[in-house]
Amino acid sequence: MKKGKIFVVGFGPGATEHITGRALEALQESNYIIGYKTYVELIKHLVTAKSIVSTGMTEEVSRAQDAVKKAEAGGIVSVISSGDSGAYGMAGLVYEVLIEKGWTEAEGIEVEIVPGISAINSCASLLGAPVMHDSCTISLSDHLTPWTVIEKRIEAAGMADFVIALYNPKSGRRTRQIVEAQNILLKYRSPDTPVGLVKSAYRENQHIVLTTLSEMLDHDIGMLTTVIIGNSSTFFYDNKIITPRGYQRKYTLGEGKQSLKPHQRLKKEAEPWALDQETGEAKSGYEEILRKAPEQAPVQQQEQKVQSMDMALKALSMVSKEEVENPFLVRQPIENIFEFSVSPGVANKMITAEQMLVLAEVVGEKGTLEYTPDHHFIVKVTTDNPEAMVVKLEKEHLTVMPTGEVLKVKACDFCYGEKADSIPYAEEIAAKFEGMKLPKQLHVGFNGCGMACYRPVFDDIGIVYRKKKFDLFIGAKPVGRTAHAGQPIAEGIEPEDLIPLVTRIIEEYEQNAHPNERFFKYFKRVKKVLNYDYYDMSCKIEVEPAPCGD
């Protein structure tokens with residue numbers, strides 16, 4: 001007998017444009033479509049199956065059994081789920097039914113899980129960017145999972161400060177679960193925590209509400225609603241919910257002008273969504289509770305560690321009203337990351353022991369120090385005073401530069417002064433352009449003689465000093481199978497003409513390149529930089545197939 005096949009298809013939120021191509025193929029290849037009646041109606045116009053079977057909400061097991069039976073008889077079956085079939089969908093249940101029948105992948109019917117866009121993703125896209133950090137999904141339906149287990153999951157997610165998506169939050173008969181979930185989370189989150197309620201995402205009756213954790217139950221919530229609850233750093237902005245990618249804040253030298261001074265960024269008026277602006281301390285766990293408010297701890301903890309009312313009163317006098325009312329509130333420590341690049345100078349390859357000692361002192365035990373192929377150190381440290389670090393390093397004659405999508409200059413370090421005539425030009429380029437913000441990091445390589453030993457011809461802009469004049473190369477691609485040297489565009493450039501020419505090239509790239517477009521890609525796309533035409537410098541090498549041995 002011909003073997004059948006089961007597709008377990010996740011078709012996303014329901015709108016045709018959000019169904020993957022593979023999901024459409026699976027639906028159209030199938031002889032049978034099996035699914036919950038509401039979902040069948042959403043995709044009915046996309047299928048040509050000879051049989052469409054729709055069942056009620058609680059008949060998941062019978063749907064899986066029917067699908068296996070039809071596939072064993074040689075049919076091609078699609079079992080459908082909204083969102084992703086592997087997230088609260090039918091994928092696991094189909095496998096369970098097969099396993100019970102002794103199915104193996106090698107000898108049994110074929111099974112293909114077709115992924116789709118899950119509700120946490122589709123709903124998040126309508127709210128802004130609420131799921132940018134660690135997140136979890138929790139179903140509040142206790143039809144298949146005991147409520148005691150669900151409570152523990154909510155408690156753990158709240159304590160760990162996850163962004164949380166609540167699925168199946170409420171039905172006609174299940175009304176208490178969402179209330180209890182809110183009560184649990186209010187132990188760990190501020191009442192003002194942003195919450196998004198999305199009903200029927202990307203469907204005809206789509207409805208979106210932006211609210212807070214304390215007020216979310218004032219709005220209509222049902223089985224078709226997904227509730228997305230932010231973490232302690234999530235904030236509202238212009239009818240959007242945004243969760244930063246991290247709790248840390250970066251300082252960078254890449255901006256010519258900062259709208260706020262470093263110390264101002266930590267003030268409440270500058271970042272009203274931030275945590276405790278004065279202390280930045282995290283307060284969670286029994287130890288912190290017992291230290292500050294022993295009477296708030298569970299009974300067994302009180303018996304172990306709280307010996308007198310005097311201790312409790314003393315602890316209460318040390319905490320704020322908010323901490324007393326909400327002792328479990330999660331507060332992540334605010335760390336200010338300062339990332340920068342350090343070198344002994346554009347034309348210097350020597351670094352002294354004194355400089356290394358100061359660098360080590362700045363990095364400290366918690367910072368990191370990374371040496372790069374460009375002869376720089378990349379430093380990452382936590383500090384509230386980055387300016388002081390810069391002053392300290394520059395006092396030791398170290399060059400401090402920004403990191404990121406900026407211009408970087410590196411010379412060949414010369415030959416202990418033998419090519420001294422060209423050093424001022426390298427230093428002038430560095431002084432004028434080093435750290436300039438660009439669409440993508442741009443490398444300028446400078447060599448002090450015709451040997452070009454530092455490889456400037458493999459940088460975005462390569463400069464070679466030869467016979468008291470300069471040769472210029474642009475558009476190298478240093479890595480990959482199609483790697484190639486830069487294109488020579490000018491020879492014998494007079495010294496006084498070098499800086500103006502390089503300036504015009506950099507400015508053209510800055511103004512016209514796409515975001516994240518490397519210089520060689522820009523040159524290839526526009527075909528001309530200034531009056532220099534693009535030529536394909538990559539070698540088209542025919543690679544012989546590897547011989548097969550006996």
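Each reported figure results from applying straightforward, stated rules to the coordinates on display, with no laboratory input. Predicted, not measured: the structure shown is a model, and the values here were computed from it. Cβ sites come from the backbone with ideal geometry, for glycine too, and all protein chains shown count toward neighbours.
Summary table
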quantity	calculated
GluC sites (Glu not before Pro) within the range 85-166, DSSP loop, no more than 10 other Cβ atoms inside 10 Å	105, 107
Whole-angstrom gap from the range 442-477 to the range 494-513, using each part's C-alpha centre	14
Simple label model, 7 Å out from Cα along Cβ direction - residue 382 to residue 208, nm	3.5
Pairwise centroid distance, computed over Cα atoms, of the range 116-150 with the range 201-234, Å	11
Of 197, 175, 111, farthest towards positive along the dipole that unit charges on Lys, Arg, Asp, Glu beta carbons give the range 89-228	175
Approximate spin-label separation residue 25-residue 45, in nm, with each point projected 7 Å along Cα-to-Cβ	2.4
HN-Hα J in Hz across the range 137-154 - Karplus 6.51, -1.76, 1.60, θ = phi - 60°, x for Gly and Pro	10, 9, 8, 8, 6, 9, 5, 10, 10, x, 4, 4, 6, 4, 4, 4, 5, 5
Dipole magnitude of the range 1-153 about its Cα centre (Cβ charges: Lys, Arg +1; Asp, Glu -1), debye to nearest 20	340
Mean Cβ neighbour count within 10 Å, used as a protection proxy, ranking 230-239, 402-411 highest first	402-411, 230-239
Two-site FRET efficiency, residue 38 against residue 516, from Cβ-Cβ distance with R₀ of 41 Å, rounded to 0.05	0.45
Members of 2/50; 349/468; 349/419; 37/240; 392/477 lying beyond 26 Å, as alpha-carbon distances in this model show	37/240; 392/477
Extension gain, residue 142 back to residue 530 (0.36 nm per residue minus Cα-Cα distance, nm)	132.9 nm
Extreme residue, positive dipole direction of the range 412-462, given options 415, 429, 449 (C-beta unit charges)	429
Debye, to nearest 20: dipole size of the range 359-434, +1 on Lys, Arg Cβ, -1 on Asp, Glu Cβ	100
Electrostatic dipole magnitude of the range 397-447 [Cβ: Lys, Arg +1; Asp, Glu -1; Cα centre; debye, to 20]	280
Members of 366/395; 380/410; 70/199 lying beyond 32 Å, as alpha-carbon distances in this model show	70/199
Given charges at Cβ of Lys, Arg, Asp, Glu: the range 38-104 dipole, positive-most of 82, 48, 61	48
R0 of 41 Å, Cβ-Cβ distance residue 352-residue 160: FRET efficiency to nearest 0.05	0.30
Karplus-derived 3J(HN,Hα), 6.51/-1.76/1.60, for each residue of the range 471-487, Hz, glycine and proline x	10, 10, 10, 9, x, 6, 10, x, 10, x, 5, 9, 4, 7, 6, x, 7
Cα shape, the range 140-245, gyration tensor, a/c 1.5 rule	oblate
Other-chain or far-sequence residues with amide H under 5 Å of residue 74's (modelled H)	4
Loop-located trypsin sites (Lys or Arg not before Pro) in the range 342-382 whose Cβ has at most 13 other Cβ within 10 Å (DSSP)	349, 366
Phi-based couplings in Hz for the range 112-117 (Karplus 6.51, -1.76, 1.60; Gly and Pro marked x)	10, 8, 9, x, x, 6
Rounded if a/c under 1.5, otherwise prolate or oblate - the range 418-497, Cα gyration tensor axes	oblate
Potential lengthening between residue 96 and residue 151 on full extension [0.36 nm per residue; Cα-Cα distance subtracted]	17.2 nm
